[in-house]
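Working notes, structure below.
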Amino acid sequence: MSRAESLYRLQLLDLELDRAHKRLREIEASLAGSPALEHTRAEAAKAEKALRLASAELKSLELDAQSLDDKIASEEQRLYSGVIRNPKEMLDVQQELDALKRRRVALDDQLLAAMERVEQLRADELRCRQALAQAERNFADDSVHLRAERDKLQATVEGDLEQREALCRGIPAKDLDLYLAIRAKKPNGVAVALIKAGACSQCGEVASSQLVQQAHTGAALAICSNCGRILYAQ
Ligand SMILES: [Zn+2]
């Protein structure tokens with residue numbers, strides 16, 4: 001195997017490792033949680049809170065109504081029991097009763113509105129809870145597939161790393177350093193470029209016949225005069 005070929009093979013492994021690591025990061029991010037699931041969860045919590053507040057308000061109105069009913073009953077009892085003999089006092093009690101009954105009628109309207117609201121919010125809350133349960137099931141299903149993909153990728157990475165180590169043992173240290181230095185400078189991580197139709201396949205620069213020859217025989221490393229990558233001819 002020529003010096004350039006060894007580096008080219010190393011690069012195939014490194015690019016595969018890059019892809020695997022990128023995908024593994026994506027998988028970990030997906031397994032950590034989903035924005036859609038969080039949104040559904042927040043909506044369910046909001047619906048639950050709205051229902052709780054409306055139920056408490058209804059309960060409070062029901063207690064007010066109960067207390068008014070008690071008061072009306074007790075005033076009527078007083079009025080019709082005959083204990084009040086003074087006509088002025090009887091009139092006062094009658095007026096008080098009328099006022100209590102008017103409040104009671106107004107309260108009935110509030111109660112009806114509060115009951116309708118609770119009913120509506122209960123339906124909303126149920127819908128949100130069902131949506132959340134579905135979203136959680138979907139997330140769990142997705143997670144099963146993602147974990148399986150992660151396990152497979154990790155096995156691939158381990159195999160690639162072993163191959164890489166074996167390959168690196170046969171590469172001169174200065175070639176390896178050069179390869180790593182070029183790779184670090186290139187955004188796509190490609191340090192070794194194939195020569196295709198006499199030109200560098202990465203930047204398109206036409207290589208001199210001497211460079212093409214050098215890339216073929218592989219005795220010395222041929223470097224693209226434009227992009228600085230190591231040239232390799234298959
Ligand atoms: Zn080039």
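The values are calculated or read from the model by the stated rules, or taken from the named source; none is laboratory data. Bear in mind the structure is a predicted one, so any value in this text is a computation, not a measurement. Cβ atoms come from the backbone with ideal geometry, glycine included; neighbour counts cover every protein chain shown.
The set of residues in segment 128-181 that are of a type in the set (D, E, K, R), over 20 Å from Glu26 (Cα atoms) and touching a residue at least 12 places away in the same chain (Cβ under 8 Å) comprises Arg129, Arg164, Asp175. I'm checking my understanding of the structure. Among residues of segment 197-228 that are under 29 Å from His21 (Cα atoms) and outside any loop (DSSP other than H, G, I, E, B), which one is nearest to the ligand (Cβ to nearest atom)? Step by step, filter segment 197-228, then rank; the result is Cys200. Restricting the first member to segment 57-79 and to residues that are under 14 Å from Met115 (Cβ atoms), and the second to residues that are at pLDDT 95 or above, the beta-carbon pairs closer than 6 Å and six or more apart or on different chains are Glu57/Ala114; Leu58/Ala114; Leu58/Val118; Leu61/Gln110; Leu61/Leu111; Leu61/Ala114; Ala65/Leu107. Taking the criterion of being in a loop (DSSP other than H, G, I, E, B) and farther than 25 Å from Lys22 by Cβ, the only residue of segment 172-196 that qualifies is Pro172. Report yes if some residue within segment 197-208 is modelled with pLDDT of 95 or more, acidic (Asp, Glu) and assigned by TED's automatic domain parsing to the domain that holds Ala44; otherwise report no. Within segment 197-208, not a single residue is modelled with pLDDT of 95 or more, acidic (Asp, Glu) and assigned by TED's automatic domain parsing to the domain that holds Ala44.
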